[in-house]
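The values are calculated or read from the model by the stated rules, or taken from the named source; none is laboratory data. Note that this is a predicted model, so its numbers are computed, not measured. No Cβ is skipped: glycine too gets one built from the backbone with ideal geometry, and neighbour counts run over all protein chains shown. Note: accessible area is taken over every heavy atom of the protein model, side chains too, but ligands, DNA and RNA are not part of it. Shrake-Rupley method; radii C 1.70, N 1.55, O 1.52, S 1.80 Å.
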Amino acid sequence: MAKKLASQWLSAARISPTALYTGQVWQATGRSIPELKSIPASALYLALAPSMFVSRSFGGPTLEDFLLARHDLIDHHLTELIESGKITQIIEIAAGMSPRGSRFVERYGDKITYIEADLPGMVTQKKRLLATRLRASPNHHVKEVDAFAEQGEHSLDGLAMQLDTSQGLAVVTEGLLNYFDKNSVLNLWARVSSVLERFQYGAYLSDLHLKAQNSDPLAQAFVAGLGVFVRGQVHLHFETAGHLQQAMYEIGMACQILKPSDFADQVPACSARGANFCRILFARPAGAVK
């Protein structure tokens, strides 16, 4: 089972087109940093621009709509957790070309420890791109992870062992879950839950697409197109938020399911036409929730 799950994690290489495109969306909207600029990403973004323009012109959604909504809403809640003092440590799994680690370290300095974790190839690339920032900020790390490994230096547990359990830890996954089957996702959540239970305060932030919010013809076409884009199936694991909450409860997590449009007044990107194609998960170990 462990080998099968690890193999599925390694198969995430097919997600690279979305990693490139998403990275350029962050660049184009002023959310990224200069070091993460990419000519291939820019080319991919420009290639898809006409189809996004047509959809927007007819009042339809765009990839940018939910990419920005999910990114900004995760940022919004992570910011609240840090500024409340509950969280001082963050592990972002499958960080890809996300600028989040650099932006948060730039903002909060040595008040936080940020670990960007990913597959070996991405880790090598990102270490090279962020070399100057990493040297200047000893609390900012880019490390290898096998999110499905049961133990070892590169497992989630291994990364967490390097942190201070008397402080709070947030685990973040963005743009990852819907590329894996349900059993793999539940396995990952079980590992996240086990890790967070050991910390003074534990929180998990992620995004997920639900069947009920993607059942109309437009949404189904959008999901099908995304599957073609990433050269693989996009999994919709749960019908409703209730089904998702029950699944998380069974592995020891209490979960809130956040609808982006409910935060439109606080997070402008959440007012976009396609913002509600995804939901944001805010979960904690069930035993810690009062």
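Could you look through region 271-290, keep only residues that are touching a His at 6+ places or on another chain (Cβ under 9 Å) and either hydrophobic (A, V, I, L, M, F, W, C) or assigned to a helix (DSSP H, G or I) (or both), and pick out the one that is surrounded by the fewest Cβ atoms within 10 Å (Cβ to Cβ)?
The selected residue is Phe282.
Considering only residues that are closer than 20 Å to Phe104 by Cβ and open to solvent by 10 Å² or more (accessible area, probe 1.4 Å), which ones fall in region 143-175?
Lys143, Gln162, Leu163, Asp164, Gln167, Glu174, Gly175
If you check Ala136 against the conditions, is it surrounded by 23 or more Cβ atoms within 10 Å (Cβ to Cβ) and of a type in the set (Gly, Ala, Ser)?
No: the conditions fail for Ala136.
So which residues in region 240-260 are modelled with pLDDT under 95 and of a type in the set (Gly, Ala, Ser)?
Ala241, Gly242, Ala247, Gly252
Name, by its number, the condition in (1) more than 18 Å from the chain's Cα centre (by Cα); (2) among the small types (Gly, Ala, Ser); (3) at pLDDT below 95 that does not hold for Ala275.
(1)
When you check Leu73 against the structure, is it closer than 23 Å to Ala288 by Cβ, in a helix (DSSP H, G or I) and touching a residue at least 60 places away in the same chain (Cβ under 8 Å), yes or no?
So Leu73 passes the test.
Any residue at all in region 253-263 that's among the polar types (S, T, N, Q), open to solvent by 30 Å² or more (accessible area, probe 1.4 Å) and touching a Pro at 6+ places or on another chain (Cβ under 6 Å)?
Within region 253-263, not a single residue is among the polar types (S, T, N, Q), open to solvent by 30 Å² or more (accessible area, probe 1.4 Å) and touching a Pro at 6+ places or on another chain (Cβ under 6 Å).
Among the residues of region 31-49, count how many are surrounded by fewer than 21 Cβ atoms within 10 Å (Cβ to Cβ) and under 15 Å from Asp65 (Cα atoms).
3
Examine region 180-187 for a residue that is closer than 22 Å to Asp75 by Cβ, open to solvent by less than 40 Å² (accessible area, probe 1.4 Å), touching a residue at least 24 places away in the same chain (Cβ under 8 Å) and hydrophobic (A, V, I, L, M, F, W, C), and state whether such a residue exists.
Among the residues of region 180-187, not one is closer than 22 Å to Asp75 by Cβ, open to solvent by less than 40 Å² (accessible area, probe 1.4 Å), touching a residue at least 24 places away in the same chain (Cβ under 8 Å) and hydrophobic (A, V, I, L, M, F, W, C), which makes the answer no.
List pairs: first in region 140-167 and over 21 Å from Gly85 (Cα atoms), second in a helix (DSSP H, G or I) and of a type in the set (Phe, Trp, Tyr), Cβ under 8 Å, 6+ apart or cross-chain?
Asp146/Trp9; Ala147/Trp9; Phe148/Trp9
Quick grid of which residues meet (1) touching a Phe, Trp or Tyr at 6+ places or on another chain (Cβ under 7 Å); (2) modelled with pLDDT of 95 or more:
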residue	(1), (2)
Val145	no, no
Ala190	no, no
Gly202	no, yes
Ser206	no, yes
Leu210	yes, no
Ser215	no, no
Gly225	no, no
His235	yes, no
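Pro61 is checked against (1) at pLDDT 75 or above; (2) in a loop (DSSP other than H, G, I, E, B) and fails just one. What number does that condition carry?
Failing condition for Pro61: (1).
Checking Arg70 against (1) in contact with a Pro (Cβ under 8 Å, 6 or more places away or on another chain); (2) at pLDDT below 85, which single condition isn't satisfied?
Among (1) in contact with a Pro (Cβ under 8 Å, 6 or more places away or on another chain); (2) at pLDDT below 85, the lone unmet condition for Arg70 is (2).
Does region 89-127 hold any residues that are at pLDDT below 95, open to solvent by less than 10 Å² (accessible area, probe 1.4 Å) and of a type in the set (D, E, K, R), and which are they?
Passing the criteria: only Lys126.
Outside any helix (DSSP H, G or I) and either within 21 Å of Ala190 (Cβ to Cβ) or open to solvent by 10 Å² or more (accessible area, probe 1.4 Å) (or both): is that true of Lys86 in this structure?
When the stated conditions are applied, Lys86 passes them.
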